[in-house]
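Presented below is the structure to which this report refers.
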Amino acid sequence: MQINPYLYFDSNCEAAFKFYEKALGAKIEMLLRNEDGPPEMASSPERKKNIMHGRISIDGQVLMASDTPPDHFRKPQGFSVSLTVKDPLDAERKFKALSEGGSVNMPFGKTFFAKGFGMCVDQFGIPWMVFSPSEG
C-alpha cells in the first residue's frame, strides 16, 4: 500500500508544479489537461488548459494534484505536507525556497526535537513543515 497527498489548486496547479521543480528538485511526471479528456468530459473553454491530474516525484516520493473547479475550491486547511530532509542546511534551503512569496508560520531553526524545523505556507496556499531530524 502507498499513501500520497493529493492537493487541489485554484487553477494554478501547473505553476505550483514548476515552482516545486525549482524549489525542491521535483520531477513532473504527468500533467493531464482537461482538453486531453474524452469528448464526454468536455470542459468550458477557459478551463481547457487546466490540470485534470498531475503527478510529481520529489526524491522518489509522489505528490499528486489537480485544478479544482472554482465553485469547489476551498483554501487548504487542517493539514501540512511534511518534508523530511537529513541535512539541516539543505532543509533550510528548501524551507526558504518554499516560503518565498508565501508566509512563514514558524521560522526554520534548531529545536529540542530536530536539527531544524519550520512551518510555512507557499505562494499557492499549501502548508508545509520542513523537518531535519536529530540523529539518535
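The values are calculated or read from the model by the stated rules, or taken from the named source; none is laboratory data. Please read all numbers here as calculations on a predicted model, not as lab measurements. So basically every Cβ, Gly included, is an ideal-geometry build from the backbone, and we count neighbours across all protein chains shown.
Some observations on this one:
- Qualifying residue in segment 35-51 (condition: in a loop (DSSP other than H, G, I, E, B), closer than 30 Å to Thr84 by Cβ and of a type in the set (Gly, Ala, Ser)): no
- Sub-6 Å Cβ pairs linking a first residue in segment 3-14 that is closer than 8 Å to Phe73 by Cβ to a second residue that is aromatic (Phe, Trp, Tyr) and at pLDDT below 95, at least 6 apart or interchain, are Asp10/Phe73, ordered by first then second residue.
- Checking the stated criteria, Glu46 turns out not to satisfy the condition of being surrounded by 17 or more Cβ atoms within 10 Å (Cβ to Cβ) and acidic (Asp, Glu).
- Residue within segment 75-83 that is farther than 22 Å from Asn4 by Cβ, in contact (Cβ under 8 Å) with a residue 12 or more places away in the chain and not β-branched (Val, Ile, Thr) present: no
- When segment 87-131 is filtered for residues that are surrounded by 19 or more Cβ atoms within 10 Å (Cβ to Cβ), over 18 Å from the mean Cα position of the chain (by Cα) and touching a residue at least 40 places away in the same chain (Cβ under 8 Å), only Pro88 remains.
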